[in-house]
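Chemist: Got a structure for you, written out below as structure tokens; questions coming shortly.
The values are calculated or read from the model by the stated rules, or taken from the named source; none is laboratory data. Just so we're clear, the structure is a prediction, and the values are computed from it rather than from any experiment. Using ideal geometry, Cβ is built from the backbone for each residue, glycine included, and neighbour counts are taken over all protein chains shown.
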Amino acid sequence: MTTTEARRAGRKPAQIVDMSWDPITRIIGNLGIYTKIDFANREVVECHSTSSLFRGYSVFMKGKDPRDAGFITSRICGICGDNHTTCSNYAQQMAYGVKPPPLAEHITNLGEAAEYMFDHTIFQDNLVFVDFCEAMVKATNPSVLARAERTEAPRGHLHGYRTIADIMRAFNPFEGEIYKQALKMSRITREMFCLMEGRHVHPSTLYPGGVGTMPQPTVFTDYLARLMRVIDFVKQAVALNDDVFDFFYQALPGYEEVGRRRILLACWGAWQNPDIVDYRYETMNHWGKAMYVTPGIIVDGQLVTNNLVDINLGLRILLGSSYYDDWTSEEPFVTHDPLGNPVDIRHPWNQTTLPHPQKRAFDHNYSWVMSPRWHHPETGQHLALDTGGGPLARLWSTALNGLVDTPYIKATGHSVRITLPHGEKLPETTLEWTIPQWSNTIERDRARPYFIAYAAAMALQFLEQAQTLVRAGETKVFENFQVPDEAIGCGFHEAVRGVLSHHLVIKNQKIANYHPYPPTPWNASPRDPYGTPGPYEDAVQGQPIFEENDPDTFKGVDIMRTVRSFDPCLPCGVHMYLGNGKTLTTTHTPTYGTDQG
Amino acid sequence: MTTQGGTAAVSREPATPEERPGVDEITILWISEGMSCDGDTVSLTAADQPSIEDVVLGLIPGLPKVNLVNKVLSPSLGGEDFLAPYRAAARGELTPFILVIEGSIPNQRIIEGDGYWTSFGNDPDTGEPQTLNWWIDQLAPRAWAVVAAGTCATYGGIHAMAGNPTGCMGLADYLGWDFKAESGLPVVNVPGCPIQPENFMETLIWVLYHAAGTAPPPPLDHMLRPQWLFGKTVHEGCDRGSYYEQASFATDYNSPKCLVKTGCWGPVVNCNVPKRGWMAGIGGCPNVGGICIGCTMPGFPDAFMPFMDEPPGGTLSSMLVKPYGAVIRRLRGLTNDMVNHEPKWRHNKRKLTSGFDPRWRP
Ligand code: SF4
Ligand code: SF4
């Protein structure tokens, strides 16, 4: 997908080597990447992504009380469990016909804002940036490090590092200043989260119908004090990231091709506007557009739709090359949506999960992940949408839609402007994220710190609105409801790394069917029955290799940068030295190295 | 050391310490490839008392040098590079090590033919996925200690709930409850969905002190949990406990009162979270508005579902406490009213009425 004409010309006879990374480190979940690399032309010619874990949520949730769904689905993910609980509650609220009080929405929004800030920070600075740190660049591109030593950091007055190499050093695991600061910040933002949602990872105070969080003024003051302690760090993170990523484009011409794929982005929207949302399916297009991150499907730079009803109806779960049996001969659960539109048998409302463990075969079935796709009504294609790791699609869709207009955030149609108040060291600052030229590894990574700033700015607004309610005595946070005998619901939200939907069917007051679709199945999906590779596979396949090492010392840093740029559902953590400071030796033994020209 | 819970009689006396040589270096091999969400690893990074960096960087006096190998935390790029210490341990070439398992253990035997529920790297000979079960079979008998992190690994947890397709279970169910590691320790269970960060760190450092030869084995109860952390009930540490005593019950989640009628299982659940908070003393469950769903318990989740209904025993006990609670509440209300007024002798009139005896005056 990323091969340029320039690289096509003057090709040498291929020298193909099998390379695999399984398990991938610094991610959460069981992910393996299997490639064939042409070392003569320095590019990846083939890539398969595989997940080797099956747990079966959609199987064991059947027959359970639907009110339990949020508590159970939180356990899908150990980093963004709250995103699942929130999304599940959205789906349940639609099914039960209940609208939480406004303060409950603000509290949920504040919790989610803290989650985005926590998760993106620890992921970017403590996981992604290890691939860009001094030690790693030295081991993979020594000439680039030499250049970084000589290159002044253009935004040094904001972040305080003189050269690009100084920034890279600050990202070295453990010793680096930024690395250590990020760990601290990840704890402060998690405390903010716990103030709103009780516990991190699996929240204790979220319910369908609202929250149980005690809305005392103290809770909000405690949150605000912590937010202001991290506000300068957020501004600096944007400046640091911009400096490093701009430098990579300069130092390695052609680096924009790394991890580049066609612009096929999906965003389901985040943060409800309590004044507008009523959770009814019939009005979903209206309140969907009022979210503080605007939903949208973007194909080749064009906004295809921002209607949640269209987005919903276009969802298709294809079996792809996964270890499941088909369900199309089963009775559908939902034939029509509440507006009377037909619902496909491959839609999550109608999915039945039939696991079938089997041998891994890359020319047949090779993953426990199915292939979610979006059916484009005009072209009839099943699009392998990606989430850009979350922030890229969120910012892109919000910018293009041009709908968000708040005291701190403005979407302009081509950019998003984020204003943060003054902090301890830095003055009030307006940051602007502009729609980039490419959907590639660097832009996915660059979007992340901008979205941290976005989340901080939204948190300020939610805080002000919540405090106004509390001071006016409007402290109701939960609305009672009845579970109907039969109902359907769907929830749309953004997990940290991208689109999240929950689809629910209730019969006899029990769960008849439940299907959560987090971002990773979208991004990590294997080839579908049409032969379309999943986004990781597509982004890696065809990408050039810039690493200077030979096959026997090859680390695969460009490939790992691409995979990690998607924020594989597999977020956070801290890097640890292996034993006594042993670093980064690599033994990806080639299994064959024949000439296949 | 024992911890007496008023309603929980699960504590036992620990074994007595004995003279043993300690080790000065130990590797922690952490495998999170069970049926899990990796939330225990993530929770671990929230611990600050002490933090995992403190332990790994040797900032805790008296501990052996610790080499932590954890996929999420590894600076390695992955694959065989990352797996090397696990392979060495499986061959018996890396000792001593502590095996930490995160996630419940699937039953591979129910699979007919090929296939796997979860794997960790590949079999170098066949290139096929190497199952989690294979790794446990190789590593547990060679481990100096075996620690189960989180309710999935301890007792099966969410993924082992009724209707699950994988037949999964906790580690002690898999290895046998009489399993003993090389140190003589049984599986050390730290339940919690996920682990409360500090609870885990504390248990880990006790095991490490034990490895260093400076502490007796950690005192565990009959479900192999650390006694001092799980010896009391949620209720016994809940700051809504006095509402319970006064029979002031919340009828929905808008209330600061006791949550037992809206689904709290605190009176019968072993967990210290309301007392300790979630991290840095902040957050928790019933103390901050969340019902206790029993996430640390062997019966979790099935025994506690549906979560949002009153526990079956709750009706009777909260009914019994009603008349007593009503009287107490009323009496306390009167006293509270009294102590909410200033005594009558405080005024700005011309006479001192405080009862002061002016002996120095004529
Ligand atoms: S809220 Fe739960 S733990 Fe707290 S007093 Fe009531 S029943 Fe006990
Ligand atoms: S109080 Fe209950 S729900 Fe909360 S952590 Fe403890 S056992 Fe789990």
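Chemist: Residue check, residue B:112 against (1) farther than 30 Å from residue B:306 by Cα; (2) in a helix (DSSP H, G or I); (3) not basic (Lys, Arg), all met but one. Which one?
Modeler: Among (1) farther than 30 Å from residue B:306 by Cα; (2) in a helix (DSSP H, G or I); (3) not basic (Lys, Arg), residue B:112 violates only (2).
Chemist: Also: Which members of region A:460-482 meet the condition of being in contact (Cβ under 8 Å) with a residue 24 or more places away in the chain, out of contact with any Phe, Trp or Tyr (no Cβ under 6 Å at 6 or more places or on another chain) and within 14 Å of chain B (Cβ to nearest Cβ)?
Modeler: Result: A:469, A:470, A:474, A:475, A:476, A:477, A:479, A:480, A:482.
Chemist: Continuing with this model, one more query. Among (1) under 28 Å from the mean Cα position of the chain (by Cα); (2) in a loop (DSSP other than H, G, I, E, B); (3) in contact (Cβ under 8 Å) with a residue 12 or more places away in the chain, where does residue A:215 come up short?
Modeler: (1)
Chemist: So, residue A:99, is that one farther than 25 Å from residue B:41 by Cα and at pLDDT below 95 or not?
Modeler: Working: farther than 25 Å from residue B:41 by Cα: yes; at pLDDT below 95: no.
It is false that residue A:99 is farther than 25 Å from residue B:41 by Cα and at pLDDT below 95.
Chemist: If you go through region A:283-297 one residue at a time, do you hit one that is away from every other protein chain (no Cβ under 14 Å), surrounded by 23 or more Cβ atoms within 10 Å (Cβ to Cβ), in contact with a Lys or Arg (Cβ under 7 Å, 6 or more places away or on another chain) and not in a loop (DSSP other than H, G, I, E, B)?
Modeler: yes
Chemist: Among the residues of region B:240-249, write down those that are more than 14 Å from every other protein chain (Cβ to nearest Cβ), near ligand 1 (Cβ under 6 Å from one of its atoms) and buried (at least 20 other Cβ atoms within 10 Å of the Cβ).
Modeler: B:244, the sole residue that qualifies.
Chemist: State whether one or more residues within region B:93-108 are more than 30 Å from the chain's Cα centre (by Cα), modelled with pLDDT of 95 or more and away from chain A (no Cβ under 11 Å).
Modeler: Yes, region B:93-108 has at least one match.
Chemist: Give just the number: which of (1) at pLDDT 95 or above; (2) buried (at least 17 other Cβ atoms within 10 Å of the Cβ) does residue A:412 not satisfy?
Modeler: (2)
Chemist: Quick check, is residue A:139 out of contact with any strand residue (DSSP E or B) (no Cβ under 9 Å at 6 or more places or on another chain), under 21 Å from residue A:425 (Cα atoms) and among the small types (Gly, Ala, Ser)?
Modeler: Criteria not met by residue A:139.
Chemist: Shifting gears a bit: Quick one: which residue in A:79, A:122 is touching a residue at least 60 places away in the same chain (Cβ under 8 Å), crowded, with 24+ Cβ neighbours inside 10 Å, at the interface with chain B (Cβ under 10 Å from one of its Cβ atoms) and outside any helix (DSSP H, G or I)?
Modeler: Being touching a residue at least 60 places away in the same chain (Cβ under 8 Å), crowded, with 24+ Cβ neighbours inside 10 Å, at the interface with chain B (Cβ under 10 Å from one of its Cβ atoms) and outside any helix (DSSP H, G or I) holds for just one of A:79, A:122, which is A:79.
Chemist: What residue, among those in region B:180-191 that are more than 18 Å from residue B:95 (Cβ to Cβ) and either within 16 Å of ligand 1 (Cβ to nearest atom) or more than 14 Å from every other protein chain (Cβ to nearest Cβ) (or both), is surrounded by the fewest Cβ atoms within 10 Å (Cβ to Cβ)?
Modeler: Looking at residues that are more than 18 Å from residue B:95 (Cβ to Cβ) and either within 16 Å of ligand 1 (Cβ to nearest atom) or more than 14 Å from every other protein chain (Cβ to nearest Cβ) (or both), I get B:186.
Chemist: Of the residues that make up region B:258-266, is at least one more than 8 Å from chain A (Cβ to nearest Cβ) and away from ligand 2 (no atom under 15 Å from the Cβ)?
Modeler: yes
Chemist: Further, regarding this structure: Using the structure shown, decide if residue B:270 is out of contact with any Ser or Thr (no Cβ under 7 Å at 6 or more places or on another chain), closer than 26 Å to residue A:190 by Cα and within 16 Å of ligand 2 (Cβ to nearest atom).
Modeler: No.
Chemist: Now for a separate question. If you scan region B:278-300, which residues turn out to be within 14 Å of ligand 1 (Cβ to nearest atom), assigned to a loop (DSSP other than H, G, I, E, B) and farther than 14 Å from residue B:230 by Cβ? Walk me through how you get there before you give the answer.
Modeler: First, the residues of region B:278-300 that are within 14 Å of ligand 1 (Cβ to nearest atom): B:284-297.
Narrowing the set further to residues that are assigned to a loop (DSSP other than H, G, I, E, B) leaves B:284-285, B:289-297.
Hits for region B:278-300 are B:284, B:285, B:289, B:290, B:291, B:293.
Chemist: Does residue B:253 meet the test of being part of a helix (DSSP H, G or I) and either away from ligand 2 (no atom under 13 Å from the Cβ) or on the phi > 0 side of the Ramachandran plot (or both)?
Modeler: No: the conditions fail for residue B:253.
Chemist: Next question, about the same structure. From the list B:290, B:237, B:281, which residue is near ligand 2 (Cβ under 9 Å from one of its atoms) and within 10 Å of another protein chain (Cβ to nearest Cβ)?
Modeler: Only one candidate passes the filter, namely B:290.
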